[in-house]
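Structure record follows, encoded as structure tokens.
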Amino acid sequence: TVSGNLDHTYAILGQNLGTTTKITLNGLSIYFNRALNSDNVVIFTIPENTPYGPGASNKLVLTTLYGTVTYNFTVLSPPPTIQTLSDVDFTGGGIITMTGKGFSTVTTINLKGTSDNATIVSQSDSVLKIKMPTTSAAIAPLVFTYQAGTVTTSQQFVDLDNAYTIFANNNFQNGWSDASWSGPSGVSTNASKSGTASAEATYPAGGWKIEGWANWWPGFTYSPDYKYLTFWVKGGTVQHTLILVGDKVAGGYSQNTSAPAIQQIVVPAKVWSYFLIPVGTGANQLNYWATGTTANQLGFFLQGQSGDVDETYYFDEVAFVK
């Protein structure tokens, strides 16, 4: 072979190899066990930190007591792997930045199941910035084409242009508005995931409170096409479990202390967390329209606990996705 993968083992086959003293690959000195050498074979493993991609020399250099020989040998890029994302929601033309590894040899990025490609704005091996396409897809993973093939992301990317939004673009949408009891609440510029504002909800210390939003007219009508409820939430001072409630959810818009697991939203403190919740009917589904086909409320219940302090949560990009 004239190419190899990181952390894989290879054999150099030939003659007069028994006195090999050094192997370098793309300028990196590689450890090898001389006890495994023979006059015809040298065994080595490509280290994880070997340079690869654009800028790598693609040279394997073997040195013996009697000389040096250089081979053309390409270290293949590992599959692009995402570690963090600026967002998983997007609109046509929106920018998403991702960090990870293996981005340097990515050539195309496609929304799976479509012919719509994202545009690479900038890339290094650890940071990739892309401009999302205008698409008819509601939700789809990305497919990366890179040096060694293709790989599909585990993350699902949501097109807010094709979603039913409750809060997005710095404001309430589609007739929804703040319906919280405690203040401050409603549109706030104190925090935002993707713009300049979010929906704020305040929970006084020790209280048993439901804070949320309402659409009294015309309401939100059931459709079997809706598959997910998606949102970002920034946590308070400590981690809490919020109970997701709705007026047509089984149990209603109530202080539900025994809600099923699908409604229990564990929110880490002080950071933005993303949730994608199936809303259909049946087990492990939110059953958002369980008791009626027109829903008017969506909110979160926080049970008071001894020693609580005042808590404030911020919600952004709240949407139902087909």
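Summary table below
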quantity	calculated
Test: Thr20 is touching a helix residue (DSSP H, G or I) at 6+ places or on another chain (Cβ under 8 Å) and not small (Gly, Ala, Ser)	yes
Residue that is surrounded by the fewest Cβ atoms within 10 Å (Cβ to Cβ) [pool: residues in region 277-322 that are without any contact (Cβ under 8 Å) to a residue 60 or more places away in the chain and in a strand (DSSP E or B)]	Pro278
Selection count where residues are crowded, with 19+ Cβ neighbours inside 10 Å, closer than 18 Å to Gln297 by Cβ and under 22 Å from the mean Cα position of the chain (by Cα), scope region 245-276	1
Of the criteria (1) open to solvent by less than 60 Å² (accessible area, probe 1.4 Å); (2) within 20 Å of Gly252 (Cβ to Cβ), which one Tyr222 fails	(1)
Among the candidates Val42, Val61, Val75, residue that is crowded, with 17+ Cβ neighbours inside 10 Å, part of a strand (DSSP E or B), touching a Pro at 6+ places or on another chain (Cβ under 8 Å) and not basic (Lys, Arg)	Val75
Single condition Gln239 does not satisfy, out of (1) more than 17 Å from Pro268 (Cα to Cα); (2) within 28 Å of the chain's Cα centre (by Cα)	(1)
Residue count, region 109-132 (criterion: touching a Gly at 6+ places or on another chain (Cβ under 8 Å) and farther than 15 Å from Thr84 by Cα)	2
Residue match in region 177-193 (condition: open to solvent by 50 Å² or more (accessible area, probe 1.4 Å), part of a loop (DSSP other than H, G, I, E, B) and at positive phi)	no
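The values are calculated or read from the model by the stated rules, or taken from the named source; none is laboratory data. Since we're looking at a predicted model, the values are computed, not measured. When we count neighbours, we look across all protein chains shown, and the Cβ atoms used for this are built from the backbone with ideal geometry, even at glycine. Quick note on the areas: whole protein, heavy atoms, side chains included, nothing else; ligands and nucleic acids left out. Shrake-Rupley method; radii C 1.70, N 1.55, O 1.52, S 1.80 Å.
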